[in-house]
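A quick write-up on the structure given underneath.
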Amino acid sequence: MDPVGVASRRLSRIAALVLAVLATAVLTTAATARSTVVSPGFYRSVLDEQKVYDRLYNQVLVDPKTAAVTRGLLARLPVPEAQVTSNLKLVLPPETVRDLTQQQINAVVGYLGGKRDSLDLTVDLRPVLANLNDLAQIYFGDLVASVQDRPEPDFERFSTDLSTALGAVVAGHVPGGLPALPLTGAQAEQAAGTLVSGLPVAERDALRPAVEAALRDGDVATALATVAPAVVSDRTRTAAAQLRATVGGTWNLTDTLAASGNDLAPLHRARTYTAVGLGLAEALASALLLVALVVLWVGGGSAPPGRRLLPLGWSLAAGGVLAALIALLFRLVSGGRVIDPPGSWPPSLARLVDDVQRTALDRLTTTALTTALVPVLAGALLTGVGWALQVRPHVPALPRIRWLALATGGAAVAGVLLVPYAVTPAASRTCEGSAQLCDRSYDEVAYLTSHNAMSTTVDRFIGPLQDPGISAQLDDGVRALQIDTYRWELPDEITQRLAESDFTPEQRKFIAAAVDRFNPPREGLWLCHSVCRAGAIALVPALREIGDWMRAHPTEVVTLIVQDAISGEDTQQAFAQAGLTDLVHTPDPDPAKPWPSLGDMIDSGRRLVVFAERADGPAPWYRNFYDYGMETPFAFRTPDAMSCVPHRGGTDKRLFLLNHFVTIDGGSRLDAGKVNARQYVLDRVHRCERERGRPVNFVAVDYTTIGDAGSAVDELNSQR
């Protein structure tokens, strides 16, 4: 026997053994990091486990040490401190906090993954400052909402007391009373001129007609509520500017942490390894491990099979143990902290940061140890079989042992790659209430759709088309909402809209009479049905409500089909203010391209689809529905008149909207009992699918709580 050859084989086997150990450790560590350190979902699950957002409002922001700083800032505002703190979730909405937090998570993950060259943690405070300004205007408007009870004998006294009342409101006080006097047209015009005289010209011209109309009707409270926010807007803007000077329009967390002695050095050190590509490290380690195991097996030469299995088992087990030791050492050295909260931080904030860090590192360590257990068990299996074969010399056929070694090594590699995801918390894999639908594409699924979802009995709309509010509709199984966006109309616009609306003559007369009596202008964006006088809810709070529901139901996909009477730019801004930018799904620019599966949309977090009836952008997620979808007619006066003929959107689109409601001078509650029946819905859907050659996606009905349209939609999805 050649001594040189024997030594060479021995060295090669030793090298292969060392390589197998190191490759196993690297593979285990990389797989763990991929499912934790560079996974946004890992950080979100940690924050949710610690109930970070609830603790922020219930502990941190009410901490005495926090309150001292907050009071100093709020003292600059023309709004009492109690008004801000009691409306804290309006000034700093939970969805805004989530959105800002998600931005920081994306920054950390992008830096660790090598997509960003620097770690820049910056919080944009402008939405919060804008909310403060909005709250100030609401406060001054509400201040005079119901103080109108003192008659005055003459116009001169009326004018004097009107100016006094305005001064009290601007100073932030409730006026002792409001004057009341029937005014002629000329007197109303003169009084209105006095009220708006202190405003900028543009605002003066915009508000004066509404103020005159209110004074002519004797509605002094509305006149003051209209003018006061504009009068104090400059003061509010000045206060906001002072706040910006104090805290800045943006807050650079990186600099703040560095100033407190936290330079995030552990993250910077971790990036040295994570930025080079964990996927590449996993692929290379997997290949080297398999090669090393083959070399160890082949290098055994003519040795008995049991002896040849032992080094394979030892190397896998040793690699797993090494990976576990690395994880434990990291946990020990870090001490459960990446950031060391300075003593100047409020105790509640320091506890919150410590709890989040400890939870994250505990989860990371648990994932690493569980993953390391896979090669240890695989190694123990091979070692045990090898030992048994040596003790019992009755050796089975060599090919069988070879396949055992190969299968165990492959299983170890696969287990190391997959186990981290199995032990990382994940959302339940159900879509539209069914695990089977997760693999179905968005355009293959049917959705119960509420027509004019905002026009509800509970929100006191005239001629409502739904009974429960939007959240209750979603709770009841609605997954697509048809909503109408508007700006509050002026009197001369109402007549035209009434003529074009589907209100009954009695409803039109009622609304017109209300317009004649009073005309309080309501700025901003609203959800209305034809005419905002007939009922309106503010757009941004309604969108926030939808976002809150979706975050409480993380496995649901929701669609909005917007009948838009506002611009695409205004819509985009409203969605940003509502904190929905992390939920919206961007369709492929080519409407003919396939849609992703519901499961893929849920996994991405982008599961709110938003269409417009008129607009197309500018936001890439805000697309015109009729580029992607087609529909049936919608002005059916009897159930028997319901047809499947093409309407808007033409034919051969991937999405299909079935307008399934009867309109007789408004919604027909009585006919809803017939057309919303389960079999009636199924029969019409199947008929329209045969005629149009596409599956129906959106079954739009009035009064979703009448009949059983939801059950029909469930049956459609079961059939598919």
- Message: Against the definition (over 30 Å from Thr651 (Cβ atoms) and of a type in the set (A, V, I, L, M, F, W, C)), how does Leu608 come out, yes or no?
- Response: no
- the range 166-188, subset buried (at least 16 other Cβ atoms within 10 Å of the Cβ) and modelled with pLDDT of 70 or more, residue nearest to Arg522 (Cα to Cα): Ala188
- Task: Could you please give the count of residues in the range 589-622 that are outside any loop (DSSP other than H, G, I, E, B), within 18 Å of Asp484 (Cβ to Cβ) and not hydrophobic (A, V, I, L, M, F, W, C)?
- Result: 1
- Query: Here are some conditions: (1) under 16 Å from the mean Cα position of the chain (by Cα); (2) at pLDDT below 90; (3) not in a loop (DSSP other than H, G, I, E, B). Trp549 meets all but one. Which one does it not meet?
  - Reply: (2)
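What do you reckon, is Val713 in contact with a helix residue (DSSP H, G or I) (Cβ under 8 Å, 6 or more places away or on another chain), under 14 Å from Leu448 (Cα atoms), in a loop (DSSP other than H, G, I, E, B) and modelled with pLDDT of 90 or more? Steps first, please.
Values: in contact with a helix residue (DSSP H, G or I) (Cβ under 8 Å, 6 or more places away or on another chain): yes; under 14 Å from Leu448 (Cα atoms): yes; in a loop (DSSP other than H, G, I, E, B): no; modelled with pLDDT of 90 or more: yes.
Answer is no for this residue.
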- Message: So, in the range 582-599, exactly how many residues are closer than 24 Å to Leu100 by Cα and surrounded by fewer than 16 Cβ atoms within 10 Å (Cβ to Cβ)?
- Response: 1
- Item | Filtered residues of the range 691-706 (kept if in contact with a Cys (Cβ under 7 Å, 6 or more places away or on another chain) and either under 21 Å from Leu437 (Cβ atoms) or free of Cβ contacts under 8 Å to residues at least 24 places away in the same chain (or both)) | Val696
- Task: Name, by its number, the condition in (1) buried (at least 17 other Cβ atoms within 10 Å of the Cβ); (2) at pLDDT 75 or above; (3) outside any helix (DSSP H, G or I) that does not hold for Gly300.
- Result: (2)
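Here are Leu539, Leu448: which of them is of a type in the set (A, V, I, L, M), farther than 26 Å from Ala214 by Cα, within 27 Å of the chain's Cα centre (by Cα) and modelled with pLDDT of 70 or more? Explain how you work it out, then say what you get.
Working: Leu539 fails: farther than 26 Å from Ala214 by Cα.
So the residue among Leu539, Leu448 that is of a type in the set (A, V, I, L, M), farther than 26 Å from Ala214 by Cα, within 27 Å of the chain's Cα centre (by Cα) and modelled with pLDDT of 70 or more is Leu448.
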- In this structure, does Leu322 turn out to be under 19 Å from Thr370 (Cα atoms) and either touching a residue at least 60 places away in the same chain (Cβ under 8 Å) or assigned to a loop (DSSP other than H, G, I, E, B) (or both)? yes
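Tell me the residue from Val699, Val685 that is in the same structural domain as Leu448 (by TED's automatic domain parsing) and in contact with a Phe, Trp or Tyr (Cβ under 8 Å, 6 or more places away or on another chain), please.
Details: Val685 fails: in contact with a Phe, Trp or Tyr (Cβ under 8 Å, 6 or more places away or on another chain).
Unique residue meeting the criteria: Val699.
Among the residues that make up the range 363-377, is at least one of them at pLDDT 80 or above, farther than 25 Å from Leu289 by Cα and in a helix (DSSP H, G or I)? Lay out the reasoning, then the answer.
Step one: filter the range 363-377 for residues at pLDDT 80 or above, giving 363-377.
Retained after the next criterion (residues that are farther than 25 Å from Leu289 by Cα): 363.
So of that shortlist, the ones also in a helix (DSSP H, G or I) come out as 363.
Yes, some residue in the range 363-377 is at pLDDT 80 or above, farther than 25 Å from Leu289 by Cα and in a helix (DSSP H, G or I).
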- Of the conditions (1) surrounded by 19 or more Cβ atoms within 10 Å (Cβ to Cβ); (2) assigned to a loop (DSSP other than H, G, I, E, B), Asp652 fails just one. Which one is it? (1)
- Item | Filter result (without any contact (Cβ under 8 Å) to a residue 24 or more places away in the chain and in contact with a Lys or Arg (Cβ under 9 Å, 6 or more places away or on another chain)) within the range 101-124 | Ala107, Gly110
- Task: Kindly provide the set of residues from the range 655-668 that are hydroxyl-bearing (Ser, Thr, Tyr) and in a strand (DSSP E or B), ordered by number.
- Result: Thr663
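So if I check each of Ala576, Ala641, Ala635, Ala542, which one is among the hydrophobic types (A, V, I, L, M, F, W, C), under 28 Å from Val97 (Cβ atoms) and surrounded by fewer than 19 Cβ atoms within 10 Å (Cβ to Cβ)?
Details: Ala641 fails: under 28 Å from Val97 (Cβ atoms); Ala635 fails: under 28 Å from Val97 (Cβ atoms); Ala542 fails: surrounded by fewer than 19 Cβ atoms within 10 Å (Cβ to Cβ).
Sole residue among the options that is among the hydrophobic types (A, V, I, L, M, F, W, C), under 28 Å from Val97 (Cβ atoms) and surrounded by fewer than 19 Cβ atoms within 10 Å (Cβ to Cβ): Ala576.
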- What is the number of the single condition among (1) buried (at least 20 other Cβ atoms within 10 Å of the Cβ); (2) of a type in the set (S, T, N, Q); (3) modelled with pLDDT under 90; (4) within 28 Å of the chain's Cα centre (by Cα) that Thr705 does not meet? (1)
- Query: Would you pick out the residues in the range 562-583 that are more than 20 Å from the chain's Cα centre (by Cα) and in contact (Cβ under 8 Å) with a residue 60 or more places away in the chain?
  - Reply: Gln563, Asp564, Ala565, Ile566
- Message: Taking the conditions exactly as written (in contact with a strand residue (DSSP E or B) (Cβ under 7 Å, 6 or more places away or on another chain), assigned by TED's automatic domain parsing to the domain that holds Tyr703 and either surrounded by fewer than 14 Cβ atoms within 10 Å (Cβ to Cβ) or assigned to a loop (DSSP other than H, G, I, E, B) (or both)), does Asp671 satisfy them or not?
- Response: no
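The values are calculated or read from the model by the stated rules, or taken from the named source; none is laboratory data. Only a predicted model underlies this, so the values are computations on that prediction, with no experimental measurement involved. All Cβ positions, even for glycine, are placed from backbone atoms using ideal geometry, and neighbour counts span all protein chains on display.
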